[in-house]
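Visitor: Before I ask anything, here is the structure I am working with.
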Amino acid sequence: MSVPAQMQASRPVATRVRYVVLAFACALSMVTYLDRVAIASAAGALVADLKLQSVADMKWAFTAFALAYALFEVPSGWTGDVFGPRKALIRIVLWWSVFTALTAFAGLQVAGVTLGLGFLVVVRFLFGVGEAGAYPNITRALHNWLPLTERGSGQGTVWFCGKLMGGLTPMIWIVLVAGTASAPGLMNWRGAFWTFGLTGIVWCALFAWWFRNHPEEKPQVNAAELELIRGGGAERHEARRDVPWRTIVTNSNFLALCLMYGCQAYGWYFNITYLPQFLEEQYAVPKTTVLGAVYKGGPLLMGAIGCLIGGFVTDAVIRRTGNRRLGRRICGLVGHSVCVICFLLVPFAPSAFAFSLGVSLAAFFTDLTVASAWAICQDIGGRYAAIVGGFMNTTAGLSGAAAGWITGTILDSSLHEHAVRLGETVEHLSAQEKVVGLLHGYHVNFFSFAALYLVAFLCWLKIDSTRPLVGEEQ
């Protein structure tokens, strides 16, 4: 045996405690999507129990969540950078789990007062306040625990798990609530929201017991793993409280990243808001079949695969070429160009299968870019990774809020115009005429999604992951 080989054999094997951190992050990502996607599956029941005219009236609740989610991203990210992701994530998960459970009270009478749409809007807003900062602080935790060469795959795995759970939520809803012809649901929709809230609290308890902000704080991490983490670019220090806000928010690289993420989020939010009702109304997809659940969850299931593949592709390109700019950019250019094509074609889909395939492919290629985008937050953000991630996700949340409102407003306008043509009011239209009236509005929305994906594609030509926002002196 040669001397180098002997030295290599005697070198201690690195522990893999960092992958437990990744597992916690993946589990949290799944809970996040379970809780946020459930509202779309419950939309039909909420429309009935709250006595709304159509799913378009749910735009108030959809917008409230997305707006709160956007507004509190940066403050939540700041707490993680300054005080550590452990405290931030415990606060975040406990808060949103409580308001997930409180969603179950919508439509009930309490002390003689009916908790109607206004109550639901308030609860969804406060739920959004709680969920804000989850992914920026996951990013902060992974920044502390993963070397640079594992950032993309780590982010891809986290988002894969979240989107996978989002895609499975319609199926979970069938098992828990809707049931099938042969097996009734286990509980009503209110019980499901209580169950989902409890799930988050259980995660929180386990996380608080095990997780620490840095690998140095875990005795199970040996010297070899610590060397691998620190040698691979992960930082030990926290952000300073005097954050260089102006330097960050005026950086053109940062602005291009945020604009890109906001544009791609606008069309993606359709998948967790209006899609289930669209398929039921426009293509008569049944509520209680597994195939219907696959159609409704298909975009998130395909998106999950896109997240995973995108994460490994971006890291693989960097390892092979040594070109981080190319490695982070390639998935974005390919992904968003295909999204443009998909949304130009889906208005002409002749069947539920064809439509679901089109939007699922769009979701796959959208999420092919996600791991790169969040890895860039670490690349250019450094010690301010959670703050940068918070800003980026703020643009996504604001875009989602705008999408929820504008999509619903366009649908309302389309329905009203159809009623006027028939000489009727919307309230007096038959169910079939409402379906016809909404279709043109949906098509207008799909074409707007395509236009914004084109803007996102152009942003990738500007984004440079090798240009940090703040120098080492900060």
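Visitor: Whether any residue in region 284-297 is of a type in the set (Ser, Thr, Tyr) and within 26 Å of LEU142 (Cα to Cα) is what I want to check.
Guide: No, region 284-297 contains no residue that is of a type in the set (Ser, Thr, Tyr) and within 26 Å of LEU142 (Cα to Cα).
Visitor: Separate question: Among VAL313, VAL338, VAL346, VAL334, which is the only one that is of a type in the set (A, V, I, L, M, F, W, C) and closer than 20 Å to TYR274 by Cα?
Guide: VAL346
Visitor: Go through region 232-278 residue by residue and tally those that are surrounded by fewer than 22 Cβ atoms within 10 Å (Cβ to Cβ), of a type in the set (A, V, I, L, M) and modelled with pLDDT under 90.
Guide: 1
Visitor: Let me ask you something else. Among the residues of region 131-150, count how many are in a helix (DSSP H, G or I), over 27 Å from ALA14 (Cα atoms) and among the hydrophobic types (A, V, I, L, M, F, W, C).
Guide: 1
Visitor: When only residues in region 431-474 that are β-branched (Val, Ile, Thr) and part of a helix (DSSP H, G or I) count, which is surrounded by the most Cβ atoms within 10 Å (Cβ to Cβ)?
Guide: The selected residue is VAL435.
Visitor: Taking the residues in region 122-179 that are surrounded by fewer than 24 Cβ atoms within 10 Å (Cβ to Cβ) and of a type in the set (Gly, Ala, Ser) as candidates, determine which candidate is farthest from the chain's Cα centre (by Cα).
Guide: It comes out as GLY179.
Visitor: Then there's this: Among the listed residues ILE305, ILE318, which satisfies the condition of being in contact with a Ser or Thr (Cβ under 8 Å, 6 or more places away or on another chain) and either on the phi > 0 side of the Ramachandran plot or of a type in the set (Val, Ile, Thr) (or both)?
Guide: Unique residue meeting the criteria: ILE318.
Visitor: Continuing with the same structure: Among (1) touching a residue at least 24 places away in the same chain (Cβ under 8 Å); (2) closer than 29 Å to LYS59 by Cα, there is one condition PHE119 misses while meeting the rest; what is its number?
Guide: (1)
Visitor: Go through region 311-339 residue by residue and tally those that are touching a residue at least 24 places away in the same chain (Cβ under 8 Å) and among the hydroxyl-bearing types (Ser, Thr, Tyr).
Guide: 2
Visitor: OK, next. Can you name the residue in region 368-381 that is more than 23 Å from ALA68 (Cα to Cα) and either touching a Pro at 6+ places or on another chain (Cβ under 6 Å) or not small (Gly, Ala, Ser) (or both) and, of all such residues, is surrounded by the most Cβ atoms within 10 Å (Cβ to Cβ)?
Guide: Only one residue fits best here, namely ILE376.
Visitor: Another one. Considering region 75-92 alone, what residues qualify as being among the aliphatic types (A, V, I, L, M) and surrounded by fewer than 24 Cβ atoms within 10 Å (Cβ to Cβ)? Don't jump to the end; show me each part of the working.
Guide: Here is the first cut: in region 75-92, the ones among the aliphatic types (A, V, I, L, M) are 82, 88-90, 92.
Across region 75-92, the qualifying residues are VAL82, ILE90.
Visitor: Within region 76-120, how many residues are in a helix (DSSP H, G or I) and among the small types (Gly, Ala, Ser)? First the steps, then the outcome.
Guide: Initially, region 76-120 is screened for residues in a helix (DSSP H, G or I), giving 76-83, 85-105, 117-120.
Going one step further and asking which of them are among the small types (Gly, Ala, Ser), we end up with 76-77, 80, 88, 97, 101, 104, 118.
The number of residues fulfilling the criteria is 8.
The values are calculated or read from the model by the stated rules, or taken from the named source; none is laboratory data. Given the structure is predicted, the values throughout are model-derived calculations rather than measurements. No Cβ is skipped: glycine too gets one built from the backbone with ideal geometry, and neighbour counts run over all protein chains shown.
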